[in-house]
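To start, the structure itself, in structure tokens.
The values are calculated or read from the model by the stated rules, or taken from the named source; none is laboratory data. Fair warning: this is a prediction, and the values are worked out from it, not measured in the lab. Note that we place each Cβ from the backbone using ideal geometry, even for glycine, and neighbour counts take in every protein chain shown. Protein only, heavy atoms only, side chains kept; ligands, DNA and RNA dropped before computing areas. Shrake-Rupley method; radii C 1.70, N 1.55, O 1.52, S 1.80 Å.
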Amino acid sequence: RKFTDFDEVRREIEIETDRETGRNKGMSSKAIRLKVFSPNVLNLTLVDLPGITKVPVGDQPKDIEAQTRDMCLDYVSNPLSIILAVSPANADLANSDA
């Protein structure tokens, strides 16, 4: 499907996420692929990984921290990857897992 409105893209990603993981904070290692085509954009693959979670909520497994850490390590171990770690502005980076 082709989208020209980024609000529609966001809604489609939310629908796919809910379809794959449910609506109760579930997680999946299956990627949702989004391709952006434009003569003004470089060819890049963007991967939005879940944040490192220490305490499971909703339908998350008891080993959620290990699963998210392993999933992140699979991607960041690629030497061709550029990693953008996002932390809240009010968080102490010295104590952050990012």
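For the chain, carbon and sulfur atoms together expose 53% of the accessible surface, with a 1.4 angstrom probe and every protein chain in place. Gaussian network model of the chain, Cα springs within a sub-10 Å range: biggest mean-square fluctuation belongs to which of Leu49, Leu34, Leu80? For the chain, modelled as a Gaussian network with Cα springs under 10 Å, the answer is Leu80. Thr4 exposes around 140 Å² of accessible area when a 1.4 Å probe is run over every protein chain in place.
Residue ranking by accessible heavy-atom surface, 1.4 Å probe, largest first, among Lys35, Lys2 comes out as Lys2, Lys35.
Here the convex hull built on the C-alpha positions of the stretch 51-98 has a volume of 95 cubic angstrom per residue. The distance linking the stretch 1-40 with the stretch 49-98 is 19 Å (Cα centroid to Cα centroid, whole angstrom).
Selection among Asn90, Asn40, Ser28 by position relative to the dipole of the chain gives Asn40 as farthest towards the positive end (Cβ unit charges, Cα centre). The length gained by stretching the chain between Thr17 and Ile52 to full extension, at 0.36 nm per residue less their Cα-Cα distance, is 10.8 nm.
Dimensions of the chain along the principal axes, based on C-alpha atoms and rounded to the nearest Å, stand at 41, 31, 28, largest first.
With each label modelled as a point 7 angstrom along the Cα→C-beta vector, the Lys2-Tyr75 pair spans 2.8 nm.
Under 14 Å between alpha carbons: how many lysine pairs meet that in the chain, if sequence neighbours fewer than 8 apart on the same chain are excluded? Don't jump to the answer; show the numbers that get you there.
Numbers: Lys2/Lys35; Lys25/Lys54; Lys25/Lys62; Lys54/Lys62.
Taking the Cα cut-off of 14 Å, the pair count is 4.
Summarising the label geometry, the points placed 7 Å from Cα in the beta-carbon direction at Ile82 and Phe37 lie 2.4 nm from one another. Charge dipole (Cα centre; +1 on Lys/Arg Cβ, -1 on Asp/Glu Cβ; no other charges) of the chain amounts to roughly 240 debye.
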